[in-house]
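Below is one structure, written out as structure tokens; the observations come after it.
The values are calculated or read from the model by the stated rules, or taken from the named source; none is laboratory data. The structure presented is a predicted model; accordingly, all values stated were derived computationally and were not measured. A quick note on method: Cβ atoms are made from the backbone with ideal geometry, for glycine too, and the neighbour counts reach across all protein chains shown. Accessible surface is based on the protein model in full, side chains and every heavy atom, while ligands, DNA and RNA are left aside. Shrake-Rupley method; radii C 1.70, N 1.55, O 1.52, S 1.80 Å.
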Amino acid sequence: MNSGTNQIDTVRVELGARSYDIVIGRGLIDRAGAILSPVLATPRVIVVSDDQVGPLYSAPLVASMERAGIKTALVSVPAGEECKSFAGFERLVDALLASHPDRQMTIIALGGGVVGDLAGFAAASLLSGVDFIQVPTTLLAQVDSSVGGKTGINTRQGKNLVGAFHQPRMVLADIATLDSLPERHLRSGYAETVKYGLIDDAEFFAWLETHGADIIAGDPQARRYAIAASCRAKARIVADDEREAGSRALLNLGHTFGHALERAAGYGERLLHGEAVGIGLVLAFALSARLGFCSPDEPERIATHLRQLGLLSSPRDIPQGSPDAETLLGHMGFDKKVKGGRIRFVLARGIGRSFIAEDVPLDEARAVLESALGDSGRLARHKTA
Ligand code: GLY
């Protein structure tokens, strides 16, 4: 194989009339007009981006669209999770309506997961639904959040509680955008890539153990391969269960523990989403080992890989620490009142062999957290015993 610099991979998400391609390669934003034209109902788009990503990539995107004869307007939102709110949604919809949209035009989300979720939800709602396209610019968005069709905003009760399933017409993942991503965010997105190896592709996880450092270092071929493998895994799961009636919950591997840690750390720079997911993956495998589904070597193997890539692998690694086990269980929505003391959880029989367990004893999840937290994890238990 050559250096892979100009190669393009295409992954199809098979959803009948809502099927779409994920196109992965370097320099795609410069070619976006020609690539996206065939999926546009009319040659008119509104690009939604934020004030960090927009200045880097909206000009080449708009130029490429206009070269292809596509009329293009631009709407900018403030960067950051705050705009994924009712107020941010209202501001975006106001700006979109000011551009006199029609039902045949297409919204393009240019940015990370926040812009993708917000612009996707605006597309699902505007004029009762217009087409949208994802142009993800972070590793996390390229391997995970731009694919699958869940769009939405946060409310004061929690994250992503208001939204809609609205599949994009195409996902254009230009890996050149990863060159401008801060390394910590790159590593954070990498944890979601690891998740796909752990869910159902042991060979991919083994490949990551060898090539993960190349992904972080910027090897275009390794990046393209990892993004395509992750998207193929997500496409399989979404095609099987688009609206999360069952197997799609496998995508939550590592996220139950991860969300609790993220919430405890305040959803910010102290602990990024992917960093929390990485720790959550180790804990989900530790719980699986504790319940006898896999060998204790498996969580250790995952933790070793994460550490080698500069990621956190334990709640004890979180700057300023983590609350005790009982508090974390509360953040997961599991408290002492859980019916029968049993909870639903994504577990694994080994790397690449995840499954949904319906009746995990809450005490076992507590024990895993207490063990991972060391002395601080047991404090609440002693206090409340
Ligand atoms: N948009 C993210 C998902 O559907 O999973």
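Only one of (1) open to solvent by less than 40 Å² (accessible area, probe 1.4 Å); (2) within 24 Å of ARG353 (Cα to Cα); (3) not hydrophobic (A, V, I, L, M, F, W, C) is not met by ASP240, so which one is it?
(1)
Starting from segment 148-168, keep only residues that are over 17 Å from LEU251 (Cβ atoms) and of a type in the set (Gly, Ala, Ser), then list their pairs with residues that are in a strand (DSSP E or B) and open to solvent by less than 10 Å² (accessible area, probe 1.4 Å) whose Cβ atoms are within a distance under 8 Å, requiring at least 6 positions of separation or different chains.
Every condition considered, the pairs that remain are ALA164/GLY152.
Looking only at segment 207-262, count every residue that is within 16 Å of the ligand (Cβ to nearest atom) and outside any helix (DSSP H, G or I) and tell me the total.
First pass over segment 207-262, keeping only residues within 16 Å of the ligand (Cβ to nearest atom): 227, 230-256, 258-259.
Filter once more, keeping what is outside any helix (DSSP H, G or I): 241-246, 253-254.
Count: 8.
If I filter segment 280-296 for residues that are within 25 Å of THR151 (Cα to Cα) and out of contact with any Phe, Trp or Tyr (no Cβ under 7 Å at 6 or more places or on another chain), do I get at least one hit?
Taking every residue of segment 280-296 in turn, at least one turns out to be within 25 Å of THR151 (Cα to Cα) and out of contact with any Phe, Trp or Tyr (no Cβ under 7 Å at 6 or more places or on another chain).
Would you point out which residue out of SER295, SER288, SER322 is more than 22 Å from the chain's Cα centre (by Cα), closer than 30 Å to VAL13 by Cβ and either among the polar types (S, T, N, Q) or assigned to a helix (DSSP H, G or I) (or both)?
Residue meeting the stated conditions: SER288.
Being in contact with a helix residue (DSSP H, G or I) (Cβ under 7 Å, 6 or more places away or on another chain), charged (D, E, K, R) and surrounded by fewer than 19 Cβ atoms within 10 Å (Cβ to Cβ) is the filter here, so list the residues in segment 13-54 that pass it.
Listed by number, the residues that qualify are GLU14, ASP30, ARG31.
So GLY278 clears everything in (1) more than 16 Å from the ligand (Cβ to nearest atom); (2) of a type outside the set (A, V, I, L, M, F, W, C); (3) touching a residue at least 24 places away in the same chain (Cβ under 8 Å); (4) surrounded by fewer than 19 Cβ atoms within 10 Å (Cβ to Cβ) except one condition, right? Which one?
Evaluating GLY278 over (1) more than 16 Å from the ligand (Cβ to nearest atom); (2) of a type outside the set (A, V, I, L, M, F, W, C); (3) touching a residue at least 24 places away in the same chain (Cβ under 8 Å); (4) surrounded by fewer than 19 Cβ atoms within 10 Å (Cβ to Cβ) leaves (4) as the failure.
In segment 255-267, what count of residues is obtained for those that are open to solvent by less than 10 Å² (accessible area, probe 1.4 Å) and under 22 Å from VAL13 (Cβ atoms)?
0
State the number of residues belonging to segment 193-218 that are in contact (Cβ under 8 Å) with a residue 12 or more places away in the chain and more than 19 Å from GLU298 (Cβ to Cβ).
Residues flagged as in contact (Cβ under 8 Å) with a residue 12 or more places away in the chain and more than 19 Å from GLU298 (Cβ to Cβ) within segment 193-218 amount to 5.
Where in segment 74-155 are there strands (runs of 3 or more DSSP E), lying wholly inside it, with at least 2 residues that are out of contact with any Ser or Thr (no Cβ under 9 Å at 6 or more places or on another chain) and within 15 Å of the ligand (Cβ to nearest atom)?
Per the criteria, 150-155.
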